[in-house]
Structures are given as C-alpha cells and as structure tokens.
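Structure, as structure tokens:
The values are calculated or read from the model by the stated rules, or taken from the named source; none is laboratory data. Note that the structure is predicted; figures quoted are calculated from it, not measured. Methodologically, a virtual Cβ is constructed for each residue, glycine included, from the backbone with ideal geometry; neighbour enumeration extends over all protein chains shown.
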C-alpha cells in the first residue's frame, strides 16, 4: 500500500505539489492522471525518495523509501526508460541492480524472458529503441519480485502488441495482490486497465475513486433509440420535457435522449404509445470526456489561443467526498 499525506513540493515560487493526500491499495491497478504540469512525476519521485517533500510524507507499507533495507524487494519502479548506462548491456545492467539488492543472478534471466528481451540481452542498452528501453525498465522494476510497482508512462514507444502485453501484465500483477500505480496520458489505455483513479491538477487532488465512479459522475449518459415510428416517439418525448436530438446513421435515423434519463424510462414511454422499437441502448460517457470536464481549469497551456490557463478553480479540491467524487 502507498499512503501519501499532505505532500507539498515547491521549486522556488512554483508549487508543484500542493497538500496532496491519497491512498493506493493492493490488488488494484490505480491510474494516476492529470494534465501536463499537474505534479504527477514529482509525486512519484517523492514516493521513491528522489525528491524530498517540503511538507507531508509518503509511506510504502508503513515505511518511507529510505527505511527499506533492500528496496527492490519491496517496490519496483519505472520512471525513466532511458536511465541506463548506454554502454552496459541489458543483462549487465540488471545484474548490477540485482547485486546491489542481494538478488540471485537467475532472477535476471527470468525477467529478461518475461519482458521479451532474452535475444538482445547482451546488446548495449544505448542502441535500444524506446520500446526496448521500456521493456528493460519494466524488467528492472520486476527484478526483486516486489509487492508494490510504480510505472510512469509505461507504454511510451511500445507497438500495439507491446501495449497489450503491458496492459495484461499490470492486470495480472494486481490480481496477484500487488499494488500497481501507473501514470499515463493515454486515457483509452487507462479506461481498459485501471480499476481506481487518482486525478490531480496543478498539484492538487481533484478526485480519488473507482474509474467507473469517475466516468459516471463527470460525463453524460444518453439513450439511443431507433424506431419505424420515430417522429411519433419524438413528439411524445418532447412533450414530456426530455432533451433529445436526431442522429443520422447508416441504419436509419435515431433519437438520442440526454440528461437524467434511463433506457427503462424511454422503453416504458414507447410501450405506452404502442411504438415499435428496433434499438434501445445506453451510451455511457468516456474516461476522456470525464477527464476533460473535471481537469479543464487545471490545464497549464491551452490550444484555443488563450495561452496559459488561469489558476485552478476554487474548491476543486473539494470534489473528494468520503473516498469518491462529489455527487
């Protein structure tokens, strides 16, 4: 388990992390999300003792990183895939790490095989592609068979097969009861991988909850309906005050009903009017939609011509309510 309490880090006048508290539980993949400049990398560095917080603390299974005797046996991390001496081979790099933490050499071969680098294990790491470097970094993180794992943008440089592999690996590690904390800008990947989320903006906590709660709370759900009597159904729904629009499609026009509405409500109205339905489906919002909505005030640089964004909206940190987002 990772427990951060009141973490604060300043660089001169810039507050990179601002009184940040959260918990990462074992047995789950927890996504760490936020716009550029939100303080994610700084937070991960403080977890690993690479940066010292100006206030607050973070503990790994009840201890600070510096209190761990052989840290690779407790926590493994990938923060910078290119943090390898370029003239060392992948095997030599891992052997050096293993020796520093009292790990057997056989473990080096095991993790090289696990990440698919056995055939290039004796090549210089400086000649590796970004994807190969990512795999080597993951091998280093897994070297001590730790119960806690931190990954910062682990899919950078990976091809589709590699992305699928790391997604399944993280899920498997969590299913084994390990704590998996992963930062990524690829929201589509996080939607498929992370069960829980910690979302930050401008160094402050925006939300900590399950991925499903985050999406359901911060994005819009709609109901799509197709019928040969679409005009009749549209008139009835409008009379009842529902917000809707017509959506053209290759399978014919459809009505999309938005707002506080359920498929059951639309279906019952259609039944009352003897309207035949060819489709009645629920469209749930996406993680990307929810993320953009809740972090819009925390974006450091905009692409709409407005330049740097203003300060985070007052009270954004108050979205945390009893471990979930404010409903």
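The table for this structure:
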| read-out | value |
| --- | --- |
| Hits in segment 248-292 - residues which are touching a strand residue (DSSP E or B) at 6+ places or on another chain (Cβ under 8 Å) and touching a residue at least 60 places away in the same chain (Cβ under 8 Å) | 282, 283, 291 |
| Residue list for segment 267-282, restricted to those being within 15 Å of residue 222 (Cβ to Cβ) and either over 34 Å from the mean Cα position of the chain (by Cα) or loosely packed, with under 15 Cβ neighbours inside 10 Å (or both) | 267, 279, 281, 282 |
| Selection status of residue 37, assigned to a loop (DSSP other than H, G, I, E, B), touching a residue at least 12 places away in the same chain (Cβ under 8 Å) and closer than 14 Å to residue 205 by Cα | yes |
| Matching option when the condition is crowded, with 17+ Cβ neighbours inside 10 Å, in contact with a strand residue (DSSP E or B) (Cβ under 7 Å, 6 or more places away or on another chain) and at pLDDT below 90, among 220, 213 | 213 |
| Selection within segment 34-55 - touching a helix residue (DSSP H, G or I) at 6+ places or on another chain (Cβ under 6 Å) and under 23 Å from residue 191 (Cα atoms) | 34, 35 |
| Residue check, residue 28 in contact (Cβ under 8 Å) with a residue 12 or more places away in the chain, in contact with a helix residue (DSSP H, G or I) (Cβ under 9 Å, 6 or more places away or on another chain) and surrounded by fewer than 16 Cβ atoms within 10 Å (Cβ to Cβ) | no |
| Residue in segment 56-73 that is over 27 Å from the mean Cα position of the chain (by Cα), touching a residue at least 24 places away in the same chain (Cβ under 8 Å) and exposed (fewer than 14 other Cβ atoms within 10 Å of the Cβ) present | yes |
| Verdict on residue 58 being assigned by TED's automatic domain parsing to the domain that holds residue 211, in contact with a helix residue (DSSP H, G or I) (Cβ under 8 Å, 6 or more places away or on another chain) and either assigned to a loop (DSSP other than H, G, I, E, B) or within 14 Å of residue 77 (Cβ to Cβ) (or both) | yes |
